[in-house]
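To keep things clear, I will list the structure first and then write my remarks on it.
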Amino acid sequence: MQENGVIVIGGGPAGMMAAARAAALGVQVCLLEKNDCLGKKMLITGGGRCNLTNDTDIQTVIANIPGNGKFVYSALHRFTPQDLRHFLLKLGVPTKVEDQGRVFPVSDRAGQVVQALEQYLRQQGVTVRYKSQVDGLLVKDRRCLGVQAGSHTFRAGAVVLATGGMSYPHTGSTGEGYAMARRWGHNITELFPAAVAVTCNDAWITERQVQGVSLSGVKIVLYNSGGKVMAAEQGDVIFTHWGLSGPAALRLGRAVALAQQRQPGVMLKGEMDILPDQSPDLLAKRLLQRVQEGDRRSLKNLLADWLPERLARVLVKLADISPDATWGQVDKGACQRLLALVKKLPLQITGTRPLAEATVTGGGINIKEIDPRTMGSRLIKGLFLAGEVLDVDAHTGGYNMQVAFSTGYVAGESAAACCKETLDERNTFM
Ligand SMILES: Cc1cc2nc3c(=O)[nH]c(=O)nc-3n(C[C@H](O)[C@H](O)[C@H](O)COP(=O)(O)OP(=O)(O)OC[C@H]3O[C@@H](n4cnc5c(N)ncnc54)[C@H](O)[C@@H]3O)c2cc1C
């Protein structure tokens, strides 16, 4: 049996930050990670560049956390995006801001961030035990006394559970933390894929006619089966052979997944405005202007001045216009059908990609059972929770990582305080 101050389960951003903060407060910390390295998921974030936070104010961060954003209000104030950037700078990782406030390391290397955190943990004297899969929490009289990992028992003054969600399971996030918490009375709200690509069954999509075509700033409205608007998003998308991906589609995916959770198998209607900055009249005027100036190209090729040629070809076909027809060769009705498709391209949305492929896991340990000021369990003393294992999920843009770092920071700080309290109690009785 090993005696420790704070035990942290999981070496993702939440766990690493919890361990770093507890150690900085002078407590002995042991981090148990089942992989043979830290931050395996972090290494693939932001396409390997690690979009680690967003350079914005707390209100905007919360507005980008549709899954219980208010719960992390206190943690975000305690450790802000600016604090994170400052902290990383001190570790030798300068950061830069890109479009929409997304923050990346200047090096564009997620590996640099993980290495810097790992080195900091070492400097702070944190013991990192790799290939250490935790099987359960040791709890007695509603107090967490340590953890069990295989044949090893680790006793501790406080434990931080930071095992992540269930997406991309090959990175180590396989959901064991939920079972550990449930075993001692915590409720797990239903898990669902959040920040996830949507699937469509429109033939022109599944037949790969637009696979790989990307669009910027499109607007997509999602309707339920009763025709009521459920969600609307604007941003970039990319067509795949099964549907839509890209930031705007991922944001929409959350609403689709929740609709599917309420009514499995439900089909939803989507409408895409491919050129939201242009009214149909304006677009018609511009097309006509080209024709009046002597442009004799087909309608499809004219449209391709505003949108990708492969998509223009699909729209012309959907409008029942012959592929090479010119403006003068089609009637007014056909032109109107084509312009209507540009502004309201119908999409048959069948669902989302599975949880394993989602960027984030929605649902998790019920936040009502956790004190947002300390990240401490309200059910088990000495147990603290951080990161994606919680029922908190954010949009893409660096917000999920910020949630992990902020909740990790608070959990580490609280675990250190709890641990000192426990030691004081023990010393008083000795
Ligand atoms: C492809 C992809 C790209 C992403 N890009 C971004 C991005 O650019 N920006 C952003 O903000 N977010 C991004 N995310 C989301 C972000 O990576 C997560 O929200 C974040 O990593 C959650 O941190 P965490 O520490 O809570 O969990 P994780 O990073 O999942 O870490 C949990 C750790 O716990 C370990 N573990 C689990 N169970 C046990 C156990 N029983 N015993 C011991 N160890 C255990 C795991 O091995 C893992 O290392 C992305 C996610 C994916 C999948």
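What the table shows:
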{"quantity": "Derived scalar couplings ³J(HN,Hα) [the range 180-190; Karplus, 6.51 cos²θ - 1.76 cosθ + 1.60; whole Hz; x for Gly, Pro]", "calculated": "4, 6, 4, 4, 10, x, 6, 9, 10, 6, 4"}
{"quantity": "Gap separating the Cα centres of the range 172-210 and the range 89-126, nearest whole Å", "calculated": "28 Å"}
{"quantity": "Gyration tensor (alpha-carbon) shape descriptor, the chain, a/c threshold 1.5", "calculated": "prolate"}
{"quantity": "Cβ-defined net charge surrounding residue 302, 10 Å radius [Lys, Arg +1; Asp, Glu -1]", "calculated": "+3"}
{"quantity": "Phi-based couplings in Hz for the range 272-278 (Karplus 6.51, -1.76, 1.60; Gly and Pro marked x)", "calculated": "10, 9, 6, 10, x, 7, 10"}
{"quantity": "Residues with amide H under 5 Å from that of residue 243, placed H, sequence gap 5 or more", "calculated": "200"}
{"quantity": "Accessible heavy-atom area order of 381, 34, highest first, probe of 1.4 Å", "calculated": "381, 34"}
{"quantity": "Vicinal HN-Hα couplings computed from phi for the range 16-22 (Karplus, 6.51 cos²θ - 1.76 cosθ + 1.60; Hz; Gly/Pro x)", "calculated": "5, 5, 4, 5, 4, 5, 4"}
{"quantity": "Fluctuation leader among 394, 116, 248 - the chain, Gaussian network, Cα springs under 10 angstrom", "calculated": "116"}
{"quantity": "Heavy-atom surface of the range 197-352, accessible at 1.4 Å and reported per residue (Å²)", "calculated": "48 Å²"}
{"quantity": "With Cα atoms, 0 to 90° folded angle of helix 332-343 axis to the chain main axis", "calculated": "10 degrees"}
{"quantity": "Net dipole in debye of the chain [+1 Lys, Arg Cβ; -1 Asp, Glu Cβ; about Cα centre; nearest 20]", "calculated": "280 debye"}
{"quantity": "For residue 8, distant residues with modelled amide H under 5 Å away", "calculated": "30, 31, 32, 160"}
{"quantity": "Net charge contributed by nearby residues that have their C-beta within less than 12 Å of residue 223 (K/R +1, D/E -1)", "calculated": "+2"}
{"quantity": "Unit charges at the beta carbon, dipole of the chain: most positive-side option, 117, 411, 289", "calculated": "411"}
{"quantity": "For the range 307-345 versus the range 1-67, the gap between their alpha-carbon centres in whole angstrom", "calculated": "51 Å"}
{"quantity": "Candidates 160, 266, 392, ranked by Gaussian network fluctuation over the chain, Cα under 10 Å, top entry", "calculated": "266"}
{"quantity": "Angle between the chain longest axis and helix 309-318 axis [Cα atoms, degrees, rounded to 10]", "calculated": "60 degrees"}
{"quantity": "Under-5 Å amide H pairs with residue 53, H placed in peptide plane, nonlocal only", "calculated": "103"}
{"quantity": "The chain - mean residue ellipticity at 222 nm from DSSP helices (-39,500 (n - 2.57) per run, n ≥ 4, rounded to 500)", "calculated": "-10500 deg cm²/dmol"}
{"quantity": "Cβ-placed point charges (K, R +1; D, E -1), dipole of the range 130-269 about Cα centre in debye, nearest 20", "calculated": "480 debye"}
{"quantity": "Highest-fluctuation residue, 261, 209, 289 considered, GNM on the chain with Cα pairs under 10 Å", "calculated": "289"}
{"quantity": "Neighbour net charge for residue 361 - beta-carbon separation under 9 angstrom, K R +1, D E -1", "calculated": "-2"}
{"quantity": "Solvent-accessible area per residue, Å², over the range 25-118 with all protein chains present [probe radius 1.4 Å]", "calculated": "43 Å²"}
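The values are calculated or read from the model by the stated rules, or taken from the named source; none is laboratory data. Predicted model only: the values in this text are computed from it and were never measured. No Cβ is skipped: glycine too gets one built from the backbone with ideal geometry, and neighbour counts run over all protein chains shown. Accessible surface is based on the protein model in full, side chains and every heavy atom, while ligands, DNA and RNA are left aside. Shrake-Rupley method; radii C 1.70, N 1.55, O 1.52, S 1.80 Å.
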